[in-house]
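The values are calculated or read from the model by the stated rules, or taken from the named source; none is laboratory data. Just so it is clear, the structure is predicted and the values come from calculations on it, not from any experiment. We place every Cβ from the backbone using ideal geometry, glycine too, and count neighbours over all the protein chains shown. Surface areas here come from the heavy atoms of the whole protein model, side chains and all, with no ligands, DNA or RNA. Shrake-Rupley method; radii C 1.70, N 1.55, O 1.52, S 1.80 Å.
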Amino acid sequence: SYIVSVDLPDALQEIGGLAFMNCGRLEAIEIPRGVTKIGGHAFDNCWSLTEVVIPDNVTEIGNNAFAGCSSLRSVTLPDGLKGIGVRFFSGCKSLTALTIPESMTYIDQEAFKGCEALTALTIPERVTYIGPDAFKGCESISLHVSRDSAAHKYAMENNIPYRVR
């Protein structure tokens, strides 16, 4: 609970599940380019974490990876990532900047639950599944979607404001 920063070795290939869970004072972390997998709950409840850049080599990130990171404002997701898992950013109430890569095919349930500051999110056309309550508690959000895409249908069915791009 007293860790403020971490210097990870370049040779690191995986950040295991629960690795930094509840490290509430962790403010910054640089994920090395060699990392290909981040386990579930890896940064869960790291409420002081403000920004994360995930290198393009990361192809798998577990559920709840950043849940409860209430100070997290900005995240850069890797281009090869296939999806955003269950409760991935749940409780990230300060999150304002996020780009979903074109490689993404799904957004799972409660992925952005409680992301109060998130006002706009562009969802790639390749996203074919958006889980229940994916944007629950995101009162100010507007989705940018492709016409007749799964995201367009989801927004209409769930009364989420959207803009067709």
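Overview of values
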quantity	calculated
Yes/no for I107 being within 17 Å of the chain's Cα centre (by Cα) and under 27 Å from W47 (Cβ atoms)	yes
Within region 1-31, considering residues that are at pLDDT 95 or above and not in a loop (DSSP other than H, G, I, E, B), the one least open to solvent (accessible area, probe 1.4 Å)	I15
